[in-house]
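Right, one structure below, let's go through it.
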Amino acid sequence: MADYIEAALAAGLREFGVSDHGPAYFFPGDHPCPGTQMALSELPAYVREAHELKARFADRIAVKVGLEADFALGREDDCRAMLAGQPFDYVLGSVHWVNGRSIFDRTRWTAEDAGETYSAYYELLIQAAGSGLFDILSHLTAVEAYGPPISEELSDRLYSRVAQAVAASGCVVEINTSGYRKLGGDEPFPNRKLLRLLVAAGVPLTFGSDAHRPADVSFGRERVTALLAELGVDASRARPVNVRRGPILAVNVPNGAIV
Ligand SMILES: [Zn+2]
């Protein structure tokens, strides 16, 4: 984690959140997903180390201690129990699993009706937004990374519902540049089409590079700045917006939400 914070300093960031993948609390056992998610028993040590680094770097950069937590419908109490008692500055809410399979499992698309999977994913996102568990919703539209293109008609219908639900939830949405890495194209997560609706709905937006190595920290910031300008949002005007656990630096912050 210290290497990531050093990378953030080198990139000139004034605020930086660390958010490792939280435990897969919705599967049995202490460590059901080695390699992608920490063990349940590792969580306290992770939080302790992150807070030590926050204090150590405090005079150079504002470090925020976060976690990327999965949303699992029907398991909200288990998620709440996992987060309880841990001093997080923020929690990212992610939908990684739809119908028991990872959204990044490329093999799923050979046998599935993509429209049904996309509908189920966006329904879960709407539930995640309204769950009250999260401060920031992460990598919206990531489900489409490896699947067939979504139809205009379906995205029109689903995205407008997502934008309304997210706006009503008060959550911040991250603009996640792993979309550029995963797709190799010009779309972050969420893609332009959903981002435009989120901007119009007054949803505050923050930046996330989804760094899985220190060299990824701040990846794609200039592209996101340009994309926001295209959508009429000035990325240099980031302000803190109060979410459940505390303030998050964001753009497109509506009046009255500033701390
Ligand atoms: Zn994720």
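All of the numbers you see were taken from the coordinates with simple rules; none came from a lab. From a predicted model like this one, the values you see are computed outputs, not experimental measurements. Because the Cβ atoms are built from the backbone with ideal geometry, glycine has one as well, and the counts that use them run over all protein chains shown.
Quick one: which residues, 5 or more positions from Ala250 or on another chain, have an amide H under 5 Å from its amide H? H modelled 1.01 Å from N in the peptide plane, none for Pro or chain starts.
Under 5 Å from the amide H of Ala250 lie the amide H atoms of Arg239, Val241, each far enough along the sequence or on another chain.
Per-residue ellipticity at 222 nm for the chain, helices alone: DSSP H runs ≥ 4 residues times -39500 (n - 2.57), over residue total, nearest 500 deg cm²/dmol?
-10500 deg cm²/dmol, from helical runs alone.
Could you point to the residue in Ala62, Pro34, Val18 farthest towards the positive end of the stretch 17-64's charge dipole, with +1 and -1 charges on the Cβ of Lys/Arg and Asp/Glu respectively?
Ala62
Starting with the highest mean, order 202-211, 82-91 by the number of other Cβ atoms within 10 Å, averaged over the residues of each peptide.
Answer by packing, highest mean first, reads 202-211, 82-91.
So if R0 is 25 Å, what FRET efficiency would Ser102 and Glu6 give, r being the distance between their Cβ atoms, rounded to the nearest 0.05?
0.20
Using a/c under 1.5 as the rounded threshold, could you call the stretch 113-259 rounded, prolate or oblate? The axes a ≥ b ≥ c are square roots of the C-alpha gyration tensor eigenvalues, and prolate needs a/b larger than b/c, oblate otherwise.
Oblate shape, in that a/c is at least 1.5 and b/c is the bigger or equal ratio.
Provide the per-residue ³J(HN,Hα) series for the stretch 93-108, in order, calculated from phi with Karplus coefficients 6.51, -1.76, 1.60 and θ = phi - 60°, each as a whole number of Hz, with x at glycine and proline positions.
Once rounded to whole Hz, the list reads x, 10, 9, 10, 10, 10, 6, x, 10, 5, 5, 9, 7, 5, 6, 5.
Can you list the residues, at least 5 places off or on another chain, whose amide H is less than 5 Å from the amide H of His139, using H built in the peptide plane?
The answer is Glu174, Asn176.
I'd like the distance between the alpha-carbon centres of the stretch 142-176 and the stretch 8-40, rounded to an integer number of Å.
23 Å
Which of the lysines could be linked to Lys193 by a straight reach, that is with a Cα gap under 28 Å, when you skip same-chain ones fewer than 8 residues away?
Within the straight-line cut-off, Lys193 pairs with Lys182.
Take peptides 105-114, 170-179 and line them up by average Cβ neighbours within 10 Å, highest first, as a rough protection proxy.
170-179, 105-114
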